[in-house]
1. Report the residues of the stretch 87-112 in range of a label on residue 121: point 7 Å along Cα→C-beta, backbone N strictly under 16 Å from it.
2. Which value in nm describes the separation of the simple spin-label points at residue 14 and residue 30, placed 7 Å from the Cα toward the beta carbon?
3. Listed here are the pairs 58/87; 87/121; 66/87; 30/115; which of them are more than 19 Å apart at the Cα?
4. Cα to Cα, under 17 Å, and not fewer than 8 places away if on the same chain: which aspartates and glutamates meet these conditions relative to residue 54?
5. Could you check the simple spin-label distance between residue 88 and residue 101, using points 7 Å along Cα→Cβ, in nm with one decimal?
6. How large is ³J(HN,Hα), in whole Hz, for each residue of the stretch 37-42 in order, when computed from phi with the Karplus curve 6.51 cos²θ - 1.76 cosθ + 1.60 and θ = phi - 60°, using x for Gly and Pro?
7. Any idea what the relative contact order of the stretch 68-124 is, in percent, if you count C-alpha pairs under 8 Å spaced at least 6 apart?
8. Give me the net charge of residue 64's neighbourhood, meaning all other residues with Cβ under 15 Å from the Cβ of residue 64; Lys, Arg count +1, Asp, Glu -1.
Amino acid sequence: GYGFAKAPKEQQMQWQGLIGGYLARSAHLKGLVLIMDIRHPLTELDWSLLEWFKPLEKPVLVLLSKSDKLSRGPAMQTVANVRKALKEAEIEATVQLFSSLKRVGVDEAESVVRKWLGTPKKSDLGVEPNV
């Protein structure tokens, strides 16, 4: 969201430096979840963040949000394009569609993050989730 914030470019770059510095120094990070608008993936700020994170060799999950705004074909083409661009940049990442409105990809994203944290779902423990 920082890339589309209503703030001057200088302020956005300052935020980027703070975020990148945190990512580069934090010993507690298990991975990076990077949320990109599917209609505007891999912005200059996204690339900078990914480059800062790359030396840590930790997993990256790219959520292409607002996937409900595109039909299935163009959405899947964007997933393929982002995967290809990241592979060419030698950035290992899982890329998936995501829509909080339609709950697309929510369970998959949760599963990835739980795996990083070593935290099973309540249902995996034989406990019924609260509904």
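1. Answer for the stretch 87-112: 103-112.
2. Computed distance between label sites residue 14 and residue 30 equals 3.4 nm.
3. Details: 58/87 15 Å; 87/121 31 Å; 66/87 23 Å; 30/115 10 Å.
The pairs that break the limit, which is 19 Å between Cα atoms, are 87/121; 66/87.
4. Output for residue 54: 44, 46, 88, 90, 92.
5. Taking the two extended label points, one gets 3.0 nm.
6. Result, ordered by residue: 5, 4, 7, 9, x, 6 Hz.
7. On the way: 24 pairs, mean separation 12.8, N = 57.
Value for the stretch 68-124: 22 percent.
8. Working: positive: 39, 66, 69, 72, 83, 84, 102, 103; negative: 37, 46, 68, 108.
Residues close to residue 64 contribute a combined charge of +4.
Each value in this text was obtained by applying a stated rule to the coordinates, not by laboratory testing. Note that the structure is predicted; figures quoted are calculated from it, not measured. Heads up, the Cβs are rebuilt from the backbone with ideal geometry, glycines too, and the neighbour counts pull from every protein chain shown.
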